[in-house]
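Single-structure report; data block below.
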Amino acid sequence: MPADILTRHSVPPSQALTSPVPMAQEEELAALECLHQELLCRGLPDNEARTEVARIAARKVWDGFAAQLRRHRAAGRQVDANVLAVALGSMQGMTFPLLRHRGDVDFASRAIGTARRRLRHNGGLLHRLHPHGNPAFDEADATFQSLEVFLARPRPRAA
C-alpha cells in the first residue's frame with residue numbers, strides 16, 4: 001500500500017464496510033455512522049472523523065476495483081480489465097483531495113460527488129460499447145451516494 005494513501009491515524013475498516021454483499025443505503029449509512037462513532041471515540045474531531053469515513057469507504061471501492069482488475073488481467077480477460085481501468089481512472093481525482101483536506105467536509109463531499117459523476121458518465125459510455133457491464137459500477141455508485149448523504153447530514157453543534 002503506497003505511503004501517501006495512508007493517514008496518520010491507523011484505523012481498520014469496519015466489518016460492515018468490507019462486506020462483499022451490496023447493502024441497502026440505510027444499512028450502509030448505519031455502517032458509516034458506526035465507523036464515525038468509532039473514530040470519534042478514538043479522539044478525532046467530528047469533521048476530521050467524517051472525512052476519514054469518506055476516505056476509508058472510498059478506499060474500499062478503489063481496492064475492490066483494483067483487485068478485480070488484477071484478477072481479470074491474470075485470467076487474460078483484457079476487455080473486462082480495460083473497463084475496470086476506466087473505473088479506476090474515473091475515481092483517481094478523489095484520492096488526494098480526501099487526504100490533503102482532512103476535516104473539510106464540503107471539499108470531501110465535492111470530491112466524492114465528482115468521482116461519482118465521472119464514474120456514472122464513463123460507465124454509461126462503456127455500457128454502450130461493452131453492454132455486458134460490471135455490477136461493481138452500480139455498487140460503487142451506491143457507496144458514493146451513501147457517502148454524499150452521510151457527509152451532507154447536519155451535525156449537532158456543541159452548546
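The values are calculated or read from the model by the stated rules, or taken from the named source; none is laboratory data. Predicted model, so just to flag it, every value in this text is computed and none were measured. Every residue, glycine as well, gets a Cβ built from its backbone with ideal geometry; the counts of neighbours run over all protein chains shown.
From the list 2, 45, 97, 20, which one is of a type outside the set (D, E, K, R), at pLDDT below 85 and over 24 Å from residue 138 (Cα atoms)? Residue meeting the stated conditions: 2. Looking across segment 62-95, just one residue is of a type in the set (Phe, Trp, Tyr) and touching a residue at least 60 places away in the same chain (Cβ under 8 Å), and that is 65. Would you be able to say whether some residue in segment 5-13 is at pLDDT 85 or above and in a helix (DSSP H, G or I)? The answer is no, given that none of the residues of segment 5-13 is at pLDDT 85 or above and in a helix (DSSP H, G or I). When segment 76-102 is filtered for residues that are among the basic types (Lys, Arg) and in contact with a Lys or Arg (Cβ under 9 Å, 6 or more places away or on another chain), the ones remaining, listed by number, are 77, 102. Specify which of the listed residues (154, 135) is out of contact with any helix residue (DSSP H, G or I) (no Cβ under 9 Å at 6 or more places or on another chain) and either within 21 Å of residue 24 (Cβ to Cβ) or of a type in the set (Ser, Thr, Tyr) (or both). Criteria check complete, one pass: 135. For segment 40-60, the tally of residues that are among the aliphatic types (A, V, I, L, M) and either out of contact with any Leu (no Cβ under 9 Å at 6 or more places or on another chain) or in a loop (DSSP other than H, G, I, E, B) (or both) stands at 2.
In this structure, does residue 125 turn out to be surrounded by fewer than 18 Cβ atoms within 10 Å (Cβ to Cβ) and either of a type in the set (A, V, I, L, M, F, W, C) or modelled with pLDDT of 90 or more (or both)? It is true that residue 125 is surrounded by fewer than 18 Cβ atoms within 10 Å (Cβ to Cβ) and either of a type in the set (A, V, I, L, M, F, W, C) or modelled with pLDDT of 90 or more (or both). For segment 52-106, taking the residues that are among the aromatic types (Phe, Trp, Tyr) and more than 25 Å from residue 37 (Cβ to Cβ), the one that is surrounded by the most Cβ atoms within 10 Å (Cβ to Cβ) is identified as 65.
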